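One structure is given below, encoded as structure tokens.
What follows draws every value from the coordinates through simple rules; no lab data is involved. Predicted, not measured: the structure shown is a model, and the values here were computed from it. Cβ atoms come from the backbone with ideal geometry, glycine included; neighbour counts cover every protein chain shown.
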Amino acid sequence: MTDVWSERAETYRASVFHRDGVDLDLLVSWAEGRTALDVATGGGHTAAALREAGFDVVTLDPAPGMGADVLARAESIPFADGSFDVVACRIAPHHFDDVRAAVAEMARVSRNLVLIEDTLFESERVEEAERLRDPTHVRSYSEDEWRALLQGAGLTVEEVRVLEKSRPVEAWLEWVGCIGEEAARVKALLAEHVADGAYVDRKILVRARK
């Protein structure tokens, strides 16, 4: 899988859908302290925004092509307990093989806050479409599931927000090489979530404290 992500690195770095938005602004506004770890940094947009806000940021990602400071999976973070004031993870957990282990690791290395943003679970039909479009998709989670994951890691959920994001559906499909019959099937599965040529999904943002 890391080879796939390395191949996508430049696409992620150039992605306007990851680079900015009210969701990123909100996530950064929740951060407190001086030091931060950006887990599954991808194109590095969350890290850049946190640095702009004055944080000393370390980036972590399992794909060499992403150019992170530390090459590691979210399920096995190579830092001591309480190493960072805030640990952030944006639009990545739906790719994790073991999200429970990843959340536990993020909670472990944070001394204060864990900030999560990810695609919100909508239905099994949407999950089928997401996996067909991109086989690296494992699962999206509901608000109740996120609360349980974070609380199970010893964190207190302080705030939850759900925001809509949209992107041109054709570009979203081509971005990961989903074309032809597979693309047509994805569009059929997501028909009720596509309006005026744009796929509209919802992102869940959670602030949790130790």
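Structural descriptor for the chain: relative contact order 19 percent, calculated from alpha carbon pairs under 8 angstrom and at least 6 residues apart.
Dipole check for region 133-186: with +1 at the C-beta of Lys and Arg, -1 at the C-beta of Asp and Glu, and the Cα centre as origin, the magnitude is about 40 Debye. For the pair ALA101 and ARG202, the difference between a 0.36 nm per residue extended length and the Cα-Cα distance amounts to 34.0 nm.
Multiplying the residue separation of ARG209 and SER123 by 0.36 nm and subtracting their alpha-carbon distance yields 28.1 nm. Rounded to whole numbers, the Karplus 3J(HN,Hα) couplings from phi for region 193-205 are 10, 10, 9, 6, x, 10, 8, 10, 10, 10, 10, 9, 10 Hz, using 6.51 cos²θ - 1.76 cosθ + 1.60 with θ = phi - 60°, and x at Gly and Pro.
Considering helices alone, the calculated mean residue ellipticity of the chain at 222 nm is -10000 deg cm²/dmol, with DSSP H runs of length four and up weighted by -39500 (n - 2.57) and normalised per residue. Ordering ALA148, SER110, VAL160 by Cα displacement along the dipole of the chain toward the positive end leaves SER110 in first place; charges were set at the Cβ atoms of Lys, Arg (+1) and Asp, Glu (-1).
The candidate values were (i) 18.1; (ii) 16.7; (iii) 17.3; the one computed from these coordinates for Kirkwood radius over Cα pairs in Å carries the label (iii).
DSSP beta bridges confined to the chain are antiparallel in about 55 percent of cases. Rounded to the nearest 20, the Cβ-based charge dipole of the chain about its Cα centre (Lys and Arg +1, Asp and Glu -1) stands at 440 debye. Highest mean first, the peptides 51-59, 105-113 sorted by other C-beta atoms within 10 Å per residue fall in the order 105-113, 51-59.
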